[in-house]
Amino acid sequence: MDFRLSDEEEAFQTAVRRFGDRVLRAHERQIDAEGRIPDNVLAAMAELGLLAMPVPAEYGGMGASAVLTELASEEIGRGDFSMATAVFFLLEAGWGYLMSRYAPEATRKEVLPNVCAGKTFLGVATTEPSGGSDLAAMRTRSRRDGEDFVLRGEKSFVSGVEEAKRLGGGHLTLSKSDAGGFNFLYVPTRSDGVSTQRFTNMGRMGISTGGLTYEDARIPQRYLIGAEGKGFECAMEGFSVARTFVSAACIGAAERALETGMAYIRERTAFGQPLGKFEGIQFELADLWTQVEAVKWQCRRAAWLLDQYTLKGDVSHRSEVDRAVASVKLTAPPIAFECVKRVMMWFGAAGYTKEVGLELGFRGIMSYLVGAEGGLNIMRIILGRELLGKEFVPYK
Ligand SMILES: Cc1cc2nc3c(=O)[nH]c(=O)nc-3n(C[C@H](O)[C@H](O)[C@H](O)COP(=O)(O)OP(=O)(O)OC[C@H]3O[C@@H](n4cnc5c(N)ncnc54)[C@H](O)[C@@H]3O)c2cc1C
């Protein structure tokens, strides 16, 4: 077993960290205040190859491994502490990968080069106003009509609705098929019959969240991702990939919080000595660092498993992959949130100010605790299913 990164991986990680330090940190306040990632930042990300990284070079990506994408995600979560850029990054990476694997060739060539160049947006739409966890109960329906699918229903809490409208692009959208099963369709947001609503979030303000309404929107057959009726399985594969990158971003944010905290407790004194000398604080740091380190390697292993199996189309280790991904998505957001919260407390009153900036992470990471890319209890349900067997899932 060799835990070292290759020279190429290390060089790329260094380059993305430099980008995070120089560009993302410099823009994170602006991103939060203006509610969008500036075009020059997206262009710089595209230039570095950071958009939809796992997409093969023939469709404009860099054909990156899940491990390399995971490393980049850590650095982006560390760089833009609000998490907005991390969300943009991981949606493109996860769902770009899925499209490159399951969309018809012509659609890959039509859509992906623009996504990789930062010219259009690609996201996912599964959640509905009636709920996001119980996807089998969704109400949005699709039916075949000649050369098209006709889509009717509503999605909500979807990331990137405004970006897809502004830049062009759309979402991989799950619906129940009238012919049985689920269809996963790429739905360009500017299609006739599609309208959007923007919601007001408490954090990660630089990427929009909103609703999408489909009123008999006609979606060409070439936008079907995977086989007709098999969209659910396809979407679950995309979630496995995206959840790994979400977790990586949380780990980067956790490390940023701890680094900020360490710098402070070395300098700030109370009762005649630096805060870092008090065991009450030093031991807390030791415990948090240990947990972050454990989750980081858990996450890199999940990415490694994706590379060994999922990204090669090998489903023989699906249970192992599902366990690895669900367990890291279960642990990374809470530990990141805990790091931010604890460090805020080390800062005392200053931690509660916008000047120190810890509140950016506090608001951003919370999205992954409440549910983005699947609620924590859903990760527990996946683990229960994989550890005990399908018959132990207490409902259909
Ligand atoms: C900022 C943000 C961005 C998002 N972006 C997207 C996106 O791009 N695309 C998209 O499709 N969705 C997106 N979502 C939605 C997200 O996927 C859902 O929030 C998530 O799936 C949970 O669905 P829900 O919010 O409807 O909660 P519900 O399904 O109503 O669940 C509510 C709570 O109950 C828990 N729960 C549910 N069932 C069980 C059970 N059986 N046992 C125990 N606990 C249970 C859940 O874990 C959750 O904590 C986003 C959410 C947020 C907050």
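Just a yes or no: is a residue in segment 374-383 over 30 Å from R4 (Cα atoms), assigned by TED's automatic domain parsing to the domain that holds F245, among the aliphatic types (A, V, I, L, M) and under 17 Å from the mean Cα position of the chain (by Cα)? Among the residues of segment 374-383, at least one is over 30 Å from R4 (Cα atoms), assigned by TED's automatic domain parsing to the domain that holds F245, among the aliphatic types (A, V, I, L, M) and under 17 Å from the mean Cα position of the chain (by Cα), which makes the answer yes. Restricted to segment 282-341, and to residues there that are under 23 Å from S100 (Cβ atoms) and acidic (D, E), the residue that is most open to solvent (accessible area, probe 1.4 Å) is D314. Taking the conditions (1) at pLDDT 95 or above; (2) open to solvent by 40 Å² or more (accessible area, probe 1.4 Å) in turn, M1 satisfies each one other than (1). Taken together, L151, L122, L172 contain a single residue that is farther than 18 Å from G238 by Cα, at pLDDT 95 or above and among the hydrophobic types (A, V, I, L, M, F, W, C), which is L151.
The residues on offer are Q282, Q291, and the sole one that is within 19 Å of G361 (Cβ to Cβ) and part of a helix (DSSP H, G or I) is Q291. Exactly one residue out of G389, G361, G375 is of a type in the set (G, A, S), surrounded by fewer than 19 Cβ atoms within 10 Å (Cβ to Cβ) and within 16 Å of the ligand (Cβ to nearest atom): that is G375. Would you say L50 is more than 15 Å from the ligand (Cβ to nearest atom) and either of a type in the set (D, E, K, R) or not assigned by TED's automatic domain parsing to the domain that holds R204 (or both)? Against the criterion (more than 15 Å from the ligand (Cβ to nearest atom) and either of a type in the set (D, E, K, R) or not assigned by TED's automatic domain parsing to the domain that holds R204 (or both)), L50 qualifies. Taken together, V246, V241 contain a single residue that is in contact with a Gly (Cβ under 8 Å, 6 or more places away or on another chain), modelled with pLDDT of 95 or more, of a type in the set (A, V, I, L, M, F, W, C) and under 30 Å from G94 (Cα atoms), which is V241. Within segment 24-81, if we keep just the residues that are polar (S, T, N, Q) and either in contact with a Pro (Cβ under 7 Å, 6 or more places away or on another chain) or closer than 24 Å to V356 by Cβ (or both), the residue that is least open to solvent (accessible area, probe 1.4 Å) turns out to be T69. Residue count for segment 302-336, restricted to those that are under 19 Å from M83 (Cβ atoms) and basic (K, R): 1. The lone criterion from (1) within 16 Å of E237 (Cα to Cα); (2) within 16 Å of the ligand (Cβ to nearest atom); (3) within 14 Å of the chain's Cα centre (by Cα) left unmet by G77 is number (1). Among all residues of segment 73-85, there is none that is in the same structural domain as A103 (by TED's automatic domain parsing) and free of Cβ contacts under 8 Å to residues at least 24 places away in the same chain. Among the residues of segment 328-358, the one identified as among the β-branched types (V, I, T) and within 16 Å of the ligand (Cβ to nearest atom) is T331.
In segment 120-146, the qualifying residues are those that are assigned to a loop (DSSP other than H, G, I, E, B) and more than 9 Å from the ligand (Cβ to nearest atom), and the one that is farthest from S175 (Cα to Cα) is T120.
The sole residue among A217, A227, A235 that is under 30 Å from W297 (Cα atoms) and modelled with pLDDT of 95 or more is A235. For segment 376-396, a residue qualifies if it is modelled with pLDDT under 95 and touching a Leu at 6+ places or on another chain (Cβ under 9 Å), but none of them does.
The values are calculated or read from the model by the stated rules, or taken from the named source; none is laboratory data. Given the structure is predicted, the values throughout are model-derived calculations rather than measurements. Using ideal geometry, Cβ is built from the backbone for each residue, glycine included, and neighbour counts are taken over all protein chains shown. Each accessible area value is taken on the protein alone, full model and side chains, heavy atoms only, with ligands, DNA and RNA left out. Shrake-Rupley method; radii C 1.70, N 1.55, O 1.52, S 1.80 Å.
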